[in-house]
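Written below as structure tokens is the structure these notes are about.
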């Protein structure tokens with residue numbers, strides 16, 4: 001039985017077998033790294049998730065109240081299919097899933113800003129490519145101050161550009177800094 005041996009990993013700027021500054025997967029060709037600014041949407045995600053949890057708790061309390069009323073009412077001890085508890089349970093599940101998705105989906109995980117365009121990384125991993133930040137027009141639809149739902153200010157913004165339909169996102173204030181802002185519609 002041998003003793004474990006330390007493994008040495010080179011930490012210099014030269015990947016094994018390449019020249020200084022070469023990308024490790026590109027052989028000897030110098031590939032400049034793409035300069036991208038990744039901006040996480042922390043406060044927007046916090047607000048969306050906490051609001052969805054609040055919705056689910058209120059819906060569950062309402063469902064529990066209906067169940068208690070049904071069990072306490074005369075004739076409430078009948079089978080669940082006969083008195084509508086099964087239908088009420090299915091409606092609860094549909095509202096819970098639909099409400100959670102409706103509340104959380106507009107808050108993207110992050111925004112990646114590069115010189116050639118902006119990529120919005122959605123809540124479920126979907127990546128939406130947008131024009132460069134300077135070409136995007138932004139309108140703040142609603143501002144939410146920092147409170148127990150989010151640690152920083154959050155904005156519901158509408159983004160659009162020439163030839164692109166408007167998109168709405170729930171984001172932390174300043175996430176799309178550098179875009180052209182327009183006044184709020186009356």
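Within segment 148-168, the presence of a residue that is within 19 Å of the chain's Cα centre (by Cα), buried (at least 16 other Cβ atoms within 10 Å of the Cβ) and more than 30 Å from residue 36 (Cα to Cα) is excluded. The single condition among (1) surrounded by 11 or more Cβ atoms within 10 Å (Cβ to Cβ); (2) assigned to a helix (DSSP H, G or I); (3) more than 18 Å from the chain's Cα centre (by Cα) that residue 103 does not satisfy is (3). For segment 169-186, the set of residues classified as farther than 13 Å from residue 41 by Cβ and crowded, with 16+ Cβ neighbours inside 10 Å consists of 179 only.
Restricting 65, 60, 48 to those that are in contact with a helix residue (DSSP H, G or I) (Cβ under 9 Å, 6 or more places away or on another chain), assigned to a helix (DSSP H, G or I) and farther than 30 Å from residue 161 by Cβ reduces the list to 60.
Looking only at residues of segment 167-185 that are in contact with a helix residue (DSSP H, G or I) (Cβ under 9 Å, 6 or more places away or on another chain) and outside any strand (DSSP E or B), we find that the one that is modelled with the highest pLDDT is 173. Taking residue 94, is it in contact with a helix residue (DSSP H, G or I) (Cβ under 8 Å, 6 or more places away or on another chain) and outside any loop (DSSP other than H, G, I, E, B)? So residue 94 fails the test.
Condition first: in contact with a helix residue (DSSP H, G or I) (Cβ under 6 Å, 6 or more places away or on another chain), under 18 Å from residue 51 (Cα atoms) and either assigned to a strand (DSSP E or B) or at pLDDT below 90 (or both). Now tell me which residues in segment 133-166 satisfy that. Those that are in contact with a helix residue (DSSP H, G or I) (Cβ under 6 Å, 6 or more places away or on another chain), under 18 Å from residue 51 (Cα atoms) and either assigned to a strand (DSSP E or B) or at pLDDT below 90 (or both): 150, 154. Scanning segment 115-132 for residues that are out of contact with any helix residue (DSSP H, G or I) (no Cβ under 9 Å at 6 or more places or on another chain) and not in a loop (DSSP other than H, G, I, E, B) yields a total of 7.
The values are calculated or read from the model by the stated rules, or taken from the named source; none is laboratory data. Computed from a predicted model, the values in this text were never measured in an experiment. Reconstructed Cβ throughout: ideal geometry from the backbone, glycine too, with neighbour counts over all protein chains shown.
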